[in-house]
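Novice: Pasting a structure here, questions to come.
The values are calculated or read from the model by the stated rules, or taken from the named source; none is laboratory data. Not measured: the values here are computed from a predicted model. Reconstructed Cβ throughout: ideal geometry from the backbone, glycine too, with neighbour counts over all protein chains shown.
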Amino acid sequence: MVSHTPVTPQWRRELRSSICVFLVLLAGCKRDVPVPGSQAVASGGPGVGSQPVPVTLDELAARYRLAVGTDALKRDICIRALDGGHISIGASLGNVQRLCGADFQEFPGDAEDGTTYGIVCFVAPMPDYIDKDGRPGSGGYNGWSMSVLHKDARLLGCHLSNTFRGFSSEPKPEPLTLEQLAACYRQAVGGTVKRDVCLRAIDAGYISTPKPLANVRQLCGADFEESVGKERGMSYGTVRFLAPTADPRDEDGYRGLRLVVLYRNEQILDYYFSNTHNKPDAPVRE
């Protein structure tokens, strides 16, 4: 007699999630488009369906030094370091310096309480310019970067974004529609998979400035807590990818990265990923 595995609701959910991840990876491979899962194998990034191969900071730093091609590779390695606790709140600032090397630079200016911002640019900044009135201007960035808040050589928070002065970076080719990515998000088992689907939607320009806030609702559904508060004169909402915990070491009962979306009049005006959960204020890249 042949025995059969009972078909439970949990088994069905895991099967649907596995099929969805497979289709995402297949679509990316067919179009030769980098997808989070395929990047993770090479870079140690989180990725859809990836395995956390590198476990030490030195391993991640070695992969960071070898990362070439796109800003997403270095970004994913930093996210892997965040997941592993290497650059978590309270960790040494030296960990960021070891991981990112010369890509890490101090932000000009300190706060009155001794806190300081640094920034890791995953792409070279665009050239500075002289405007029509002869005034110098900063060329800025067209890609992902990570801002780091620290005090007394200890990390207070990290924020990742691909916006500069309220403008998103140029979108990258994406074989899947927003509707298809939203279906993958709904079927995802695990917060890191949901987060990686959001990263892919941002890279594709589905979540960007000044796209409609409805795109975030469509992608994240009930996970998007829409009216959390005000920041820089704008309303903001958050997407937390991991459930709250009872661990007192977790800030405000949460761990991992969250997505913060700032908006006004149903338009996305800015957004960033953050590992702080009770402090909304992220530095503005200027």
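Novice: Restricting the range 202-215 to residues that are touching a Leu at 6+ places or on another chain (Cβ under 8 Å) and β-branched (V, I, T), which is nearest to A188 (Cα to Cα)?
Specialist: By that ranking, first place goes to I207.
Novice: Within the set of pairs 6+ apart or on separate chains, which have a first residue in the range 235-261 that is over 15 Å from A222 (Cα atoms), a second that is at pLDDT 90 or above, and C-beta atoms under 6 Å apart?
Specialist: Close Cβ pairs satisfying both conditions: S235/Y263; Y236/V260; Y236/L262; L257/F273.
Novice: Among the candidates R240, R195, R200, single out the residue that is surrounded by 18 or more Cβ atoms within 10 Å (Cβ to Cβ), of a type in the set (K, R) and at pLDDT below 90. Quick ask: steps written out before the conclusion?
Specialist: Details: R195 fails: at pLDDT below 90; R200 fails: at pLDDT below 90.
Result: R240 is the single residue among R240, R195, R200 that is surrounded by 18 or more Cβ atoms within 10 Å (Cβ to Cβ), of a type in the set (K, R) and at pLDDT below 90.
Novice: Something else: Which ones in the range 172-189 are under 18 Å from the mean Cα position of the chain (by Cα) and basic (K, R)?
Specialist: K172 - this is the single residue of the range 172-189 that is under 18 Å from the mean Cα position of the chain (by Cα) and basic (K, R).
Novice: Checking A183 against (1) touching a residue at least 40 places away in the same chain (Cβ under 8 Å); (2) closer than 30 Å to G114 by Cβ; (3) surrounded by fewer than 20 Cβ atoms within 10 Å (Cβ to Cβ), which test does it fail?
Specialist: (2)
Novice: Go through the range 210-223 and give me each residue that's at pLDDT below 95 and either assigned to a loop (DSSP other than H, G, I, E, B) or closer than 20 Å to N162 by Cβ (or both).
Specialist: Selection gives P210 alone.
Novice: Condition (residue is surrounded by 13 or more Cβ atoms within 10 Å (Cβ to Cβ) and touching a Leu at 6+ places or on another chain (Cβ under 7 Å)) applied to the range 126-141: is it met by at least one residue?
Specialist: no
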